[in-house]
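Okay, structure first, notes after.
A short reminder: the numbers here are calculations on the coordinates, not readings from a lab. Predicted, not measured: the structure shown is a model, and the values here were computed from it. Because the Cβ atoms are built from the backbone with ideal geometry, glycine has one as well, and the counts that use them run over all protein chains shown.
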Ligand SMILES: NC(=O)c1ccc[n+]([C@@H]2O[C@H](COP(=O)([O-])OP(=O)(O)OC[C@H]3O[C@@H](n4cnc5c(N)ncnc54)[C@H](O)[C@@H]3O)[C@@H](O)[C@H]2O)c1
């Protein structure tokens, strides 16, 4: 059966998108070069958690609307080709476009007039025009007249894909008016408002959506470290800032990372007009695990040979996504202190211990992820019962509601009102 749309890269963005197209009645080819991923989808198993997608995949399994392939060239059998490949950053602050370049090189000999190429991946400003230029250079296409290219960035929050694909304004930055119209006609199936713009504005809108969040969270993280320096309580100061103040406010501290926030700012930083400004934002967020480990050492002394429990490996609450999580950095730092590290996370694929096992005899417990399951009096009770006599709890998220970044479990229980 001829496909309407192909999706190259069945990751956390591409797979829910491919399923959603198929759910709207389109014939879809999903392409990925990871055989395990393809096997899982073929067997009707989601390779990661995304709300509602298990049921959707099961439903689609009974239809023949989702075909799978490991060959990028098969994408050219559909008129619409959507690229959802990873776009990491090199460590020297430059977008790593190898995935996109390689897919383009595979596709180029197979492209024909009428094809529409959508870049759904997050990309540095200028990348859509580069891709259009690359196709024109290698095949001589008149982009915007014969072959169509647009950036249509993904801004959906993990865990909310199926809900937000039909509500979040869909930004389309076409190379030429017709590219914008043709790609919009594909995404219209979801029913969300379509906002047409230029490619570079679409690119900037996406990366700045994430830069704003990354910066917003860096401020309370910096304040947390400043408060520690001045002997102040960060949660009290945040309350003083925000209480009944009508002009905005400050977020709360925490581990701010994940594969998008940790790298998307570099797509601005690589040609920045204020070089270093966003790097400083990154340094603040990246310093939080160091700050917490140093705070523990100041209170307890060296950690060598002492049991430390880390609750949470995911980069944010209630997801199984561990990519670029600061919890991993925390674990590495603790291991470098020669601590005996135990880990518990009920969501992630990495094997971890049960809560009781992880906290038993721990002298320190870090809440590294604010999973809903952790933010309960029961978790604090288990820590109180299982951990060693005076267990230091590090809770930058204020999961336990005691408004203390560092406090002993017994103090926390009193402050949080659980005893
Ligand atoms: N994850 C998110 O929440 C999110 C949100 C918004 C935007 N984005 C952006 O969307 C893009 C994709 O992100 P992701 O998290 O889905 O990435 P991902 O790494 O989870 O998925 C990429 C997929 O592409 C496959 N792949 C890699 N190279 C391939 C190749 N040459 N041929 C075929 N398949 C190949 C991989 O096996 C993987 O399944 C990135 O640009 C990211 O920045 C991600």
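Eigenvalues of the alpha-carbon gyration tensor of the stretch 189-297, scaled by 5 and square-rooted, set the equivalent ellipsoid semi-axes at 30, 19, 13 angstrom, largest first. Find the centroid of the Cα atoms in the stretch 138-164 and in the stretch 209-231, then give the distance between the two in whole Å. Here the two parts' Cα centres lie 33 Å apart.
Between the helical axis of 199-230 and the longest alpha-carbon principal axis of the chain there is an angle of about 10 degrees. Look at 264, 142 and count the other Cβ atoms within 10 Å of each Cβ; fewest to most, that gives 142, 264.
The C-alpha atoms of the stretch 56-158 occupy a region whose extents along the principal axes are 42, 35, 22 Å, arranged from largest to smallest. Take every pair of alpha-carbon atoms less than 8 Å apart whose residues are at least six positions apart; their mean separation over the length of the chain yields a relative contact order of 10 percent. Here the relative contact order of the stretch 212-370, from alpha carbon pairs under 8 Å that lie six or more residues apart, stands at 23 percent.
The distance from the alpha carbon centre of the stretch 22-93 to that of the stretch 323-393 is 34 Å, rounded to a whole number. What area, in nm² and to one decimal, does the C-alpha convex hull of the chain cast on average over all directions? Over all viewing directions, the chain projects a mean Cα-hull area of 22.0 nm². The eigenvalues of the Cα gyration tensor, multiplied by 5 and square-rooted, give the stretch 78-123 an equivalent ellipsoid with semi-axes of 24, 11, 6 Å from largest to smallest. Taking the chain as a Gaussian network of alpha-carbon nodes connected by springs under 10 Å, the highest mean-square fluctuation of the residues 116, 349, 314 belongs to 349.
Taking all Cα pairs closer than 8 Å and separated by 6 or more residues, the relative contact order of the stretch 104-157 comes to 50 percent. Rounded to the nearest 10 degrees, the inclination of helix 127-139 to the longest alpha-carbon principal axis of the chain is 30 degrees. With viscosity 0.890 mPa s and temperature 25 °C, the Kirkwood radius over alpha carbon pairs of the stretch 261-419 converts through Stokes-Einstein to a diffusion coefficient of 151 µm²/s.
Could you give the Stokes-Einstein D for the stretch 100-195 in µm² per second, using the C-alpha Kirkwood radius, 10 °C, 1.306 mPa s? D, rounded to a whole number, is 114 µm²/s. Helix 277-300 and the longest principal axis of the C-alpha atoms of the chain enclose an angle of approximately 30°. Look at 371, 138 and count the other Cβ atoms within 10 Å of each Cβ; fewest to most, that gives 138, 371.
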